[in-house]
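Beneath this line is the structure, given in structure tokens, with notes to follow.
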Amino acid sequence: MNYLKKNLKNKFFLLLSLLLLCSCLQKNDKQFRYWKDFYSLQSSIKSSTNFSQYLALSGNLTKEREKDLKVNEERNFYIEIGGKKNLENWNFQLYPAKYEKLDYHSKVIFTPAKWEDKEIYTIERETKSNWNGFFPRDFFTWLNLFSLSVVDHQKLLQLKNSLPSFVFLCNTFSCQTTEEAKSILLEFAFNEMTESKFPNFAERFGNRLNKTQLEMRIFDEDHPEDQILISNQGKILQFRFPVSPRKEIFKNPRSLLVSTNITIKSYGVTLNIQEIKYRLHLISQKDKDELNGKFLSFKSRKFTGNFLYFIPTGVIDFFIPGNIDEYLSDALKLLIYGTQGKGGSQFKVIYKRIGNSQTNILTTYMESLRNRFSLFGADASQMDNPDQDFFTQWEKNLLLDLN
């Protein structure tokens, strides 16, 4: 479900970015090097690929872009990239001939399949890397520390005034903190400064926020009384943290549940989906972490309105489904449940440390329709200049916190 995956992905990224503020509470050289390598990697991949290749490496493909990929012996489309790190620089090669001593390798396979009378892809991705300094458990430690710091007025004030990442946020958005009866509310509102510093980000993400009403609850399944609530009021992103949480609110969770209600109004129609449930399950051992994530179910879906058909200016590749209600229903089933007996969209990461070395393996599986439609319109055909890319600048400030 292209539009929903994009929307939830963007929200999760902003959530993750905000919650990474907890990393600022204590400097950590190992984690600094890990995230420096990670951000450097992402930036280098962007500069080493074109827009179509970059989308495919992220698991996004349409019929019109199939010609840009290679075809294997099974007649499946695929793309792969390998990289070696030389001091501070990455050297990447698409479809590498040799795999030995690569510091990074990623391969995505798109397998055309049939579901009833519909054409779909099954999409499998495997990514391997070997830099170390961070385990998934560290994120939950950060999340726990930040959740406890938010309820301490003095600590929160110190975060807002002294940490580069928080200062960056408040110089990019209008930021406000409010104490409510049962929660601490952090708000970040798009304003003129957002539009001036990051015009493309403000237009794309702000436009999607205006079309969306989101309510996302995150909690430890063993302790549902302590929840983080993410929502929006137009272009205002809202994060609510419990005012009196347990001292280990998210430190060692068995599993986290994310329950989402979302309403999207676009092209004259309204789509409302209630209680999309997603589970993150962590298995942590001494030198190994395994984190799994998958969709579980949704409660209800409601579609109303009359679709206003028009093709946005300058867009040639723009698929319009004949029956939009049926299309959205099919796409939701692919996302949540899947049709090939493997379930819906899911991922697994395994981080393993042996001595001073570490291996990190990410595998993902998803299904999607070969003809794609988004309630948010077509993808942009180019990537932002790094100086005007919100996430690139945000990453730089996070590194300043860690270092």
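The values are calculated or read from the model by the stated rules, or taken from the named source; none is laboratory data. Remember, predicted model here, so these are calculated numbers, not experimental data. Cβ: placed from backbone, ideal geometry, glycine included. Neighbour counts: every protein chain shown.
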Report task. Would you tally the residues in the stretch 333-364 being in a strand (DSSP E or B) and either among the β-branched types (Val, Ile, Thr) or surrounded by 20 or more Cβ atoms within 10 Å (Cβ to Cβ) (or both)? Result -> 9
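Does Leu214 satisfy the criteria of being assigned to a strand (DSSP E or B), surrounded by 16 or more Cβ atoms within 10 Å (Cβ to Cβ) and in contact with a strand residue (DSSP E or B) (Cβ under 6 Å, 6 or more places away or on another chain)?
Working: assigned to a strand (DSSP E or B): yes; surrounded by 16 or more Cβ atoms within 10 Å (Cβ to Cβ): yes; in contact with a strand residue (DSSP E or B) (Cβ under 6 Å, 6 or more places away or on another chain): yes.
So Leu214 fits the description; yes.
Considering only residues that are β-branched (Val, Ile, Thr) and part of a loop (DSSP other than H, G, I, E, B), which ones fall in the stretch 217-245? Even if it seems obvious, please write down each step before you answer.
Initial filter on the stretch 217-245 (β-branched (Val, Ile, Thr)): 218, 228, 230, 236, 243.
Result: Val243, single match.
Residues Phe298, Phe303: which one is at pLDDT 95 or above and touching an Asp or Glu at 6+ places or on another chain (Cβ under 9 Å)? Outline the logic, then answer.
Numbers: Phe303 fails: at pLDDT 95 or above.
After ruling out the rest, the residue left standing is Phe298.
In the stretch 252-278, which residue that is among the charged types (D, E, K, R) and modelled with pLDDT under 95 is farthest from Asn306 (Cα to Cα)? Break it down into steps so the answer makes sense when it comes.
Kept after step one, since they are among the charged types (D, E, K, R), are these residues of the stretch 252-278: 254, 265, 275, 277.
Then drop every residue that is not modelled with pLDDT under 95, which leaves 254, 265.
Values: Arg254: 44, Lys265: 11 Å.
Among those residues, the one meeting the criterion is Arg254.
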**Report entry** Failed condition for Ser162, given (1) small (Gly, Ala, Ser); (2) at pLDDT 90 or above; (3) over 24 Å from Lys251 (Cβ atoms)
**Finding:** (2)
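Per-residue answers, yes or no, for (1) of a type outside the set (Ser, Thr, Tyr); (2) closer than 30 Å to Asp325 by Cα; (3) touching a residue at least 60 places away in the same chain (Cβ under 8 Å); (4) not in a loop (DSSP other than H, G, I, E, B):
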position: Lys247; (1), (2), (3), (4): yes, no, yes, no
position: Lys251; (1), (2), (3), (4): yes, no, yes, no
position: Asn272; (1), (2), (3), (4): yes, yes, no, yes
position: Ile276; (1), (2), (3), (4): yes, yes, yes, yes
position: Phe303; (1), (2), (3), (4): yes, yes, no, yes
Query raised in the report: In the list Ile236, Ile249, which residue meets the criterion of being within 26 Å of Ile262 (Cα to Cα), surrounded by 15 or more Cβ atoms within 10 Å (Cβ to Cβ), at pLDDT 90 or above and of a type in the set (Val, Ile, Thr)?
Result: Ile236
